[in-house]
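Notes to accompany the following structure.
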Amino acid sequence: IDELVTEGVAGKRVFVRADLNVPLAGDTITDDGRIRAAVPTILKLADAGARVVVASHLGRPKGAPEARFSLAPVARRLGELLAGTGGGAVTFAADTVGDSAKATVAALGDGEVTLLENLRFNPGETSKDDAERAAFADELAALADAYVGDGFGAVHRKHASVYDLPRRLPHAAGGLVATEVGVLKQLTDDVKRPYAVVLGGAKVSDKLAVIEQLLEKADRILIGGGMAYTFLRAQGHDVGDSLLQEDQIPAVRGYLERAKERGVEFVLPVDVVAADAFPDLATKAPAHPVTVAADAIPAQRMGLDIGPESQKLYAAKLADAATVFWNGPMGVFEHPDFAGGTRAVAQALTDSPAFTVVGGGDSAAAVRTLGFADDAFGHISTGGGASLEYLEGKTLPGLAALED
Ligand code: 3PG
């Protein structure tokens, strides 16, 4: 982006593809981390006199407008954040390439910012059909003179605004994308050892490819969250009513074997916090949890967090690491009875002198919900799927398009 700014962007319409896909409760933003992360690039362009056209997706609408996925609350928050840093107001276009977008962009003065409505309200954005995506990218290209790719959280998507649009305009990577890629390089090309990885989240199937890669890179892999129960079952333990992906057991057994051969340490919970039903996250009513040994979860109980002994074990396994990557909560952290494991891992990371990276929307939201400050960690990534796919060694369409 610095080169683009040096070449001169004053008076030019610069399209910024951001990832402003934030969690909403009604129209209240519950974690504005992604909006804050988008501000520096937008400000840099506005300060240089560009007419900044910001665009993003939000949620997964099916190619047509849906009020609950509107970016209107995000435009308000972006306006507040820009105002707080000396920037001006943010106008909002009620569509992406229609009359409202055209008029709003035409009305932009130098240094002014507008946000378009959700890109995924147009079927061309996510289409698997190259021609349909190209047609939408052509319409978006007509709104701008240059393109800045700064939506790191979406660079793994082969979508019109991520993959096709940069090919139609002079383009550059934004500051956020550059920072995120720099951090991920430190986890792949140039990692300081011992390198510990903490993986959580519900499904082991979402993490198979990354585990595969990490078996080549990491020294230690700590497993928590819903996926831990498939690991425990693969070791022959009863997991009661806990979340289980039976079909993944052979793959998990294979990983445990390979880890042994390669000297990679797999760390599994030794105890878990269990209840007889999934807790009510709306009322947060007491769930009457019990702590049980991880190798003997009783029938009709489901493990919903790692237990206190596991918390100590995981903290100890992280204490001497030089690099830590963490993706996925350790339990149902949204309920106070099952937040202890996620809190303990967050605390271990903040206590550690290691280079610590928190990857992913859920993990980032979890640490902020639990009251940890962003600067307590080395880096909080704005990309969940994107950072995992980078670590899997995949070519990310949005990065490939920017490098072209
Ligand atoms: C994310 O939340 O990981 C990104 O915004 C991408 O969203 P998606 O998974 O709906 O493409």
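If you count, for each residue, the other Cβ atoms within 10 Å and average over each peptide, how do 211-219, 385-393 line up from highest to lowest?
385-393, 211-219
Work out the P(r) tail for segment 315-404: percent of alpha carbon pairs separated by more than 20 Å, whole number.
Distances greater than 20 Å cover 39 percent of the Cα pairs.
What is the sum of charges around A160, taking Lys and Arg as +1, Asp and Glu as -1, for the other residues whose C-beta is under 14 Å from the C-beta of A160?
Net charge in that neighbourhood comes out at +1.
Taking the Cα centre of each part, how many Å lie between segment 90-119 and segment 187-260?
After rounding, the separation between the Cα centres reads 45 Å.
After finding the eigenvalues of the alpha carbon gyration tensor for segment 97-236, what semi-axes result from the square roots of 5 times each, listed largest first in whole Å?
Here the semi-axes work out to 40, 19, 13 Å.
For a quick check: sort T179, T395, T41 by the number of other beta carbons within 10 angstrom, fewest at the front.
Ascending Cβ contact count within 10 Å gives the list T395, T179, T41.
When you have a sec, figure out the Kirkwood radius of segment 231-334 from all distinct Cα pair distances and drop it here in Å to one decimal?
Every distinct Cα pair counted, the radius reaches 15.1 Å.
For every helix of n ≥ 4 consecutive DSSP H residues, a contribution of -39,500 (n - 2.57) applies; sum these over the chain, divide by its total residues, and give [θ] at 222 nm rounded to the nearest 500 deg cm²/dmol.
-11000 deg cm²/dmol, from helical runs alone.
By what distance, in whole Å, do the Cα atoms of segment 191-391 stretch along each of the three principal axes, largest value first?
Computed over segment 191-391, the largest-to-smallest principal extents equal 43, 38, 28 Å.
Quick one: what do you get for segment 2-174 if you divide its Cα Rg by 2.2 N^0.38 Å?
Scaled against compact globular proteins, the figure is 0.93.
Run the quick spin-label model on E257 and V270: label points 7 Å from Cα toward the beta carbon, then report their separation in nm to one decimal.
My value for the distance between the label points is 2.8 nm.
Order of 373-380, 267-274 by packing, highest average Cβ count within 10 Å first?
Most protected by this proxy first, the peptides run 267-274, 373-380.
Restricting things to Cα coordinates, could you compute the convex hull volume per residue of segment 277-357 in Å³?
96 Å³
Counting Lys and Arg as +1 and Asp and Glu as -1, what is the net charge of the other residues whose Cβ lies under 14 Å from the Cβ of A37?
-1
Quick check: from the Cα gyration tensor, does the chain come out rounded (a/c under 1.5), prolate or oblate?
The shape class here is prolate.
Straight distance only, please: which lysines reach the Cα of K394 with their own Cα at less than 18 Å, same-chain residues fewer than 8 apart left out?
Those lysines meeting the cut-off are K158, K185, K207, K217.
Take the chain, connect every pair of alpha-carbon atoms lying under 10 Å apart with a spring to form a Gaussian network, then pick out the residue of S242, S100, S70 with the largest mean-square fluctuation.
S100
For a test of the definition: using alpha carbon positions, the gyration tensor, and the 1.5 limit on a/c, classify segment 262-302 as rounded, prolate or oblate.
prolate
Quick note: the coordinates plus some simple rules give every number you see, no bench work behind them. Every value quoted in this text rests on a predicted model; they were computed, and no experiment measured them. Ideal geometry is used to build each Cβ from the backbone, glycine not excepted, and the neighbour counts take in all protein chains shown.
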